[in-house]
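The next block holds one structure in the form of structure tokens; read it before the comments.
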Amino acid sequence: MKEEEQESLEAAPRALGLARWVQFAFLMTGLLAFWLFDKVIYASWNLLAESFHTLPEPEGRYITPASLLFAVGVIVMLFRHQGINRFSHEVASEMTRVNWPDRQETMKQTGVVLIVSILASLILGLFDIIWANVTDLIY
């Protein structure tokens, strides 16, 4: 019995496959939308309060739940939209086909980028010094 339970627990993450990554992306998008809506509502309320002095100060106990409900509504609508959901699954499917570099290859490529960036900055710095001296002679 324990072996069957162990196998079912191990198979659970694989059973969802790409769907778990799509759901995770929608969840993170929802959290970002919640944060963004909260900030936008607060900022809008403060701008209105500057123009209309009769408006009370914004209260978090009303704005934060409203932002949460709005974000949840938007994410549910996006998740249920067939085109967006299909696109999200296609992106996740393509990401599984990407041949990601290993750690050693990444370190080598990072070193190349750093060396080329340092060389480019030295060359540009040298050109800047030369140009500054030339323009000082002219002006």
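The values are calculated or read from the model by the stated rules, or taken from the named source; none is laboratory data. Values in this document were obtained by computation on a predicted structure and should not be read as measured data. Cβ coordinates were reconstructed from backbone atoms using ideal geometry, including for glycine residues, and neighbour counts include every protein chain displayed.
Can you run down the residue pairs with Cβ atoms below 7 Å, 6 or more apart or on separate chains, where the first is in the range 105-119 and on the phi > 0 side of the Ramachandran plot and the partner is part of a helix (DSSP H, G or I) and among the hydroxyl-bearing types (Ser, Thr, Tyr)?
none
Could you identify the single residue in Thr106, Thr64 that is within 23 Å of Phe34 (Cα to Cα) and either over 21 Å from the mean Cα position of the chain (by Cα) or modelled with pLDDT of 95 or more (or both)?
Exactly one of Thr106, Thr64 is within 23 Å of Phe34 (Cα to Cα) and either over 21 Å from the mean Cα position of the chain (by Cα) or modelled with pLDDT of 95 or more (or both), namely Thr64.
Taking the range 96-139 as the region of interest, how many residues are β-branched (Val, Ile, Thr) and not in a helix (DSSP H, G or I)?
Of the residues in the range 96-139, 1 are β-branched (Val, Ile, Thr) and not in a helix (DSSP H, G or I).
Quick check, is Leu69 under 18 Å from Trp21 (Cβ atoms) and assigned by TED's automatic domain parsing to the domain that holds Leu27? If you could, list the steps in order and put the result at the bottom.
Working: under 18 Å from Trp21 (Cβ atoms): no; assigned by TED's automatic domain parsing to the domain that holds Leu27: yes.
No.
Six or more apart or on different chains, Cβ under 6 Å: which pairs go from a residue in the range 22-46 that's closer than 13 Å to Ala66 by Cβ to one that's of a type in the set (Asp, Glu) and surrounded by 15 or more Cβ atoms within 10 Å (Cβ to Cβ)? Could you list them?
Matching pairs, first to second residue: none at all.
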